[in-house]
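Below: the structure, in structure tokens.
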Amino acid sequence: MKRLLSIIILSLSLLLPFHLLAQADDVEMADLMHQNGKIYVVVTVVGVVLVGLFVFLMIIDKRLRKLEKSNRD
Amino acid sequence: MKDSIFNLSWWKWLSIALVLYTFIWGFLIPVPRLPILHESIRNLFFHVTIWFAMMIMMGASVVSAIQYLSSTNLKFDIRAEMYTATGIFLGIIGLITGSIWAKNTWGAWWVNDAKLNGAAATMLVYLAYLILRGSMDDEVKRARIASVYGIFAFTMMLVFIMVLPRLTVSLHPGNGGNPGFSTYDLDNRMRTVFYPGVIGQTLLSFWISEILIRIKKIKSQEPEQKQNQTKYETSS
């Protein structure tokens with residue numbers, strides 16, 4: 001009975017995603033970039049580009065409001 | 001009072017905040033270390049959110065199409081057209097980004113995958129929507145036929161990219177016996193960037209469509225002036 005229980009517990013534990021933890025370290029990732037902080041340079045550039053695009057969109061929105069106003073009058 | 005560019009509705013600010021959040025944390029949060037995918041798993045925040053936004057735009061287009069059919073108010077037809085146009089744009093971006101991702105993980109720019117071919121077929125169906133619209137001059141007729149076709153196109157999209165890939169073999173997660181994102185690809189940390197990303201991209205798409213709709217409305221008010229102008233020009 002005890003033996004059966006331990007087999008059941010063991011086989012159930014195989015369903016847990018331990019195999020993912022085991023392979024964690026040998027998968028190559030951009031660790032260096034995160035370690036020396038160069039990733040922040042990339043993030044800053046992406047952020048600036050996005051803010052620029054959004055400001056552009058906001059300006060278009062404002063121009064459109066102006067056009068709508070002059071159309072209504 | 002003078003108008004300023006910061007004079008925006010709350011949901012436009014929300015879209016700016018969420019998209020910025022996604023693009024910043026998309027690069028910074030720790031992701032699961034998986035073979036083959038490596039860092040490219042971060043494309044989930046950019047490529048997959050685009051497709052989610054695309055499907056929501058097409059959904060919005062269908063809602064507008066139904067609203068048009070039940071009210072015959074042309075403003076709903078303009079909405080349906082512009083949501084579809086934004087959706088097609090997102091779809092093209094989705095195909096290109098997906099192709100780049102596929103090249104670097106599955107090994108080819110285009111693999112014979114049910115979801116990829118389904119997405120391509122969907123784009124063709126929606127391009128046909130635009131051609132159909134362009135081929136008709138009568139406003140009311142165009143609106144009615146385009147609305148009906150839009151509903152059909154949405155159904156085809158659901159079949160092509162939601163149903164068929166799940167029935168056959170597909171490389172995409174969650175399809176054809178592959179585990180879905182929920183099992184291990186999308187751990188809880190990634191969800192905190194992925195879902196805001198979907199909402200942000202969707203709101204941004206609504207913003208862009210809204211601008212297209214407003215331009216179209218201004219244009220549709222103009223014809224009388226234009227006709228007068230051309231008369232004037234020919235008479236002088």
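The values are calculated or read from the model by the stated rules, or taken from the named source; none is laboratory data. All values reported here derive from a predicted model rather than from experimental measurement. In this analysis, Cβ positions are derived from the backbone assuming ideal geometry, glycine residues included, and neighbour counts consider all displayed protein chains. Calculation scope for accessible area: heavy atoms of the full protein, side chains included, ligands and nucleic acids excluded. Shrake-Rupley method; radii C 1.70, N 1.55, O 1.52, S 1.80 Å.
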For segment B:5-16 the number of residues that are modelled with pLDDT under 95 and either polar (S, T, N, Q) or within 23 Å of B:ILE41 (Cα to Cα) (or both) is 2
Within segment B:66-87, residues surrounded by fewer than 19 Cβ atoms within 10 Å (Cβ to Cβ) and either closer than 27 Å to B:PHE46 by Cβ or of a type in the set (Ser, Thr, Tyr) (or both) come out as B:SER70, B:SER71, B:THR72
Q. Among the residues of segment B:11-18, is there at least one that is polar (S, T, N, Q), surrounded by fewer than 16 Cβ atoms within 10 Å (Cβ to Cβ) and within 14 Å of another protein chain (Cβ to nearest Cβ)?
A. no
Restricted to segment B:28-53 and to residues being without any contact (Cβ under 8 Å) to a residue 40 or more places away in the chain and part of a helix (DSSP H, G or I), the residue farthest from the other protein chains (Cβ to nearest Cβ) is B:ARG42
Within segment A:55-65, of all residues that are facing chain B (nearest Cβ under 7 Å) and basic (Lys, Arg), the one farthest from B:ALA17 (Cα to Cα) is A:ARG65
Picking from B:VAL148, B:VAL125, B:VAL169, the residue that is at pLDDT 95 or above and either open to solvent by less than 40 Å² (accessible area, probe 1.4 Å) or under 21 Å from B:TRP51 (Cα atoms) (or both) would be B:VAL125
